[in-house]
Amino acid sequence: MTAPPGVLYVAEFGQHANWQADAMDIIALGTPFGLAFASGLNAYLPMLAFALSVRWLHMYKLNPHFAFVTQTWFIAALVILALLDFVADKIPFIDHVWNAIHGVIRPFAGAVVAIVASSPWLPATTIVSATDHVASGAAMVALSVLPITGIGLLVVFIIGGVLAALAHSTKSTARIVSTLTTAGFLNGVLSLVEDVLVLIIILLSLFASSIMLILLILLLLVLVPRFMRTRNLWKGRRWRL
């Protein structure tokens, strides 16, 4: 027995709507992962920008478990740290010390901002208990079903940390090359360029997540193979020594 045409149309329309929702969910991942990548260059500005966009621009909904990021004391702390980062990154010698200290802080900040910015896809109950409502879409499976066991949060945390670590490694390499070739005289200019790049990444992540996601994929296709070649070359030199 065949279904009436009206029923078939409703079913096809529902499938089309689900496909569109899935695509939008995937595109929206450009926001958390773009901010995570920017955290590898500046540990504090991406989280500050997201907190301000939630509190005053009301661009995103925040999971109650992460409501502290919009509180005044947290935003004030981020402002102070962002200013310190801006100044310290432009002073010779201090910039290398600051960069070394942030070798751990930046990847961790990227992992944290990825989770916080993903909170619209993480129901408030999934962090502590199972939920009866599962959102639609392949991307939502990873972000709403898996968090019941904590695996989903761990996946987002790891991806955010890896993206920030890649950005930090690139920043550190560029800073070392600049120091060796210009005796550090152009490090301040390089820092300003990095600041502009961070602002561009943040704006794309918040206002054009689809573009940010595409750029991240392209960057990964370039940076990951180059990072692997550099690591293998370094290991080969150490082996010969």
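Would you call Ala109 out of contact with any Pro (no Cβ under 8 Å at 6 or more places or on another chain) and either within 14 Å of Leu35 (Cβ to Cβ) or not β-branched (Val, Ile, Thr) (or both)?
No: the conditions fail for Ala109.
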Six or more apart or on different chains, Cβ under 8 Å: which pairs go from a residue in the stretch 19-36 that's under 9 Å from Ser210 (Cα atoms) to one that's modelled with pLDDT under 50 and not in a helix (DSSP H, G or I)? Could you list them? Ile26/Gly137
With respect to His58, determine if the residue is assigned to a helix (DSSP H, G or I), modelled with pLDDT of 80 or more and farther than 22 Å from Leu84 by Cβ. no
Just checking, which of Leu192, Leu180 is modelled with pLDDT of 85 or more, over 21 Å from Leu35 (Cα atoms) and surrounded by fewer than 19 Cβ atoms within 10 Å (Cβ to Cβ)? Leu180
State the number of residues belonging to the stretch 65-88 that are of a type in the set (S, T, N, Q) and either closer than 14 Å to Ala43 by Cβ or surrounded by 12 or more Cβ atoms within 10 Å (Cβ to Cβ) (or both). 2
So, of the residues in the stretch 46-64 that are among the aromatic types (Phe, Trp, Tyr) and closer than 15 Å to Ala117 by Cα, which turns out to be surrounded by the most Cβ atoms within 10 Å (Cβ to Cβ)? Phe50
Of the residues Leu57, Leu81, Leu48, which single one is free of Cβ contacts under 8 Å to residues at least 40 places away in the same chain and either touching a helix residue (DSSP H, G or I) at 6+ places or on another chain (Cβ under 6 Å) or hydroxyl-bearing (Ser, Thr, Tyr) (or both)? Leu48
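The values are calculated or read from the model by the stated rules, or taken from the named source; none is laboratory data. Remember, it's a predicted structure, so these values are computed and weren't measured experimentally. Counting neighbours? That spans all protein chains shown, and the Cβs are built from the backbone with ideal geometry, glycine included.
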